[in-house]
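Below you'll find the structure, written out as structure tokens, and then a few comments.
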Amino acid sequence: MAQIYSATEMLERLVAFPTVSNSSNLEFVAFVKHYLESHGVAVTVLPNLAGDKAALLATIGPKKPGGVVLSGHSDVVPVEGQTWSADPWTLSARDGRLYGRGTCDMKGFCAAALAMVPQFQAAGLTRPIHIAISYDEEIGCFGVQPLIEHLVNKVPLPKAVIVGEPSDMNVVNAHKGTWALMTRVTGYEVHSSICHTGVSAVMSAARLVTWLEDQMMQNAAKAQMSPAPGAFTPPYTTLHVGRIKGGTSGNITAGYCSFPVDIRVMPNEDMDHWMALYLDRTASLQAELRQIRPEATISVEVKARVAGLAAEDGGGAETLAHDLSGNGTSRQAGFGSEAGLFQEAGYSAAICGPGSMDQAHQPDEFISLGQLQACTSFMQRLSQHLSA
Ligand SMILES: [Zn+2]
């Protein structure tokens, strides 16, 4: 017998799966798959290579173009080191709020969509609703890639993708792109009294860090000169190094140094251009170092690449989200999301989801009942829109 859930009841079930990004989400996926199939919905499960995680795509309604994708992620951030007033994996209701890890980011949106499935089924949709649930969003948006590939190859073109990241049900039409890189410098150790014969990985890394900061300063200066710098804070591409590790002693040229690089690219700029620039810089420095010691090496590993979301000119997803949410204005987000990757693949994409980013990733994360209800209303209007 197919079970009916309210959005809150569904959220209670979803929160109970501790789908932290470093652990499996297969039990979560199995539950959702079973629920959807019990309502007669065809489900595609897309497992990862290791077989310990999976993405899920379900289509309700006719297999036709012009549908709408509701996109969420199953993974949540860890609770270690955070002080919670109650068990983070048990939904608890207090003062009009539902507490639990992932309630806001972003199982609330997933629960609202899933709870609506029987209504979607009964609505007589003339164009489909696709529910897409990814994994590994919190650690670099990896799990949405196979979903997008599947959509591109197998699913008649949807007209819009709504990504339900917490935005207080406001419509977000733009965010920066993100590069997360790891730079590793291998030098050559000699006594510091003859440091001209060695290569200090630490000092070479410092030159790269300085170069990155110089680029950012130039960006800031250009933005200050611009007559219309745009609404991003700050309104330019940032290049940041937040940690550096290397060397063994003050009197030895450092043999090794590593540091992560975080580049946040304005959505109207080519993010691959920034990567190319950095690779040029590391290659020319490596060539210089090798004139001293051929062992010197600089490598750059891509940890994550999340495309920016650029405001579309009369974008289908943005317009639809305005209509369904009743919020006629759009804003920019300070966070990255899967929406940029959908847009890069050719889809019209916008963000609109329940809950506030202020609560995401926090201890005692919560979503208000009002927000969950607003999301359910959004989906009821979507159902009407696609039945008309
Ligand atoms: Zn999220």
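The values are calculated or read from the model by the stated rules, or taken from the named source; none is laboratory data. These figures come from a predicted structure and were not determined experimentally. Note: ideal-geometry Cβ built from the backbone for every residue, glycine included; neighbour counts use all protein chains shown. Please note that ligands, DNA and RNA were not included when accessible areas were found on the heavy atoms of the full protein model with its side chains. Shrake-Rupley method; radii C 1.70, N 1.55, O 1.52, S 1.80 Å.
Worth pointing out:
- Looking only at the stretch 273-308, and only at residues there that are basic (Lys, Arg) and not in a helix (DSSP H, G or I), the one that is surrounded by the fewest Cβ atoms within 10 Å (Cβ to Cβ): Lys303
- Being part of a helix (DSSP H, G or I), assigned by TED's automatic domain parsing to the domain that holds Asn251 and closer than 30 Å to Tyr236 by Cβ holds for only one residue in Thr183, Thr210, and it is Thr210.
- Selection status of Ala205, surrounded by 21 or more Cβ atoms within 10 Å (Cβ to Cβ) and of a type in the set (A, V, I, L, M, F, W, C): yes
- Test: residue in the stretch 121-135 that is within 15 Å of the ligand (Cβ to nearest atom), closer than 23 Å to Ala180 by Cβ, at pLDDT 95 or above and in a loop (DSSP other than H, G, I, E, B): yes
- Of all residues in the stretch 55-108 being among the aliphatic types (A, V, I, L, M) and not in a strand (DSSP E or B), the one that is most open to solvent (accessible area, probe 1.4 Å): Ala86
- Exclusive hit being in contact with a Lys or Arg (Cβ under 8 Å, 6 or more places away or on another chain) and farther than 26 Å from Gln343 by Cβ, set Ala283, Ala296: Ala296
- Candidates Gly315, Gly340 - the one that is within 20 Å of Ser71 (Cα to Cα), touching a residue at least 24 places away in the same chain (Cβ under 8 Å) and within 16 Å of the ligand (Cβ to nearest atom): Gly340
- Top-ranked residue in the stretch 331-388 [being hydrophobic (A, V, I, L, M, F, W, C) and in contact with a His (Cβ under 7 Å, 6 or more places away or on another chain); ranked as surrounded by the most Cβ atoms within 10 Å (Cβ to Cβ)]: Ala333
- Leading residue by the ranking (farthest from the ligand (Cβ to nearest atom)) among those in the stretch 142-168 that are surrounded by fewer than 24 Cβ atoms within 10 Å (Cβ to Cβ) and in a loop (DSSP other than H, G, I, E, B): Pro156
- When Ala287 is tested against the conditions (1) within 16 Å of the ligand (Cβ to nearest atom); (2) out of contact with any strand residue (DSSP E or B) (no Cβ under 9 Å at 6 or more places or on another chain), the lone failure is (1).
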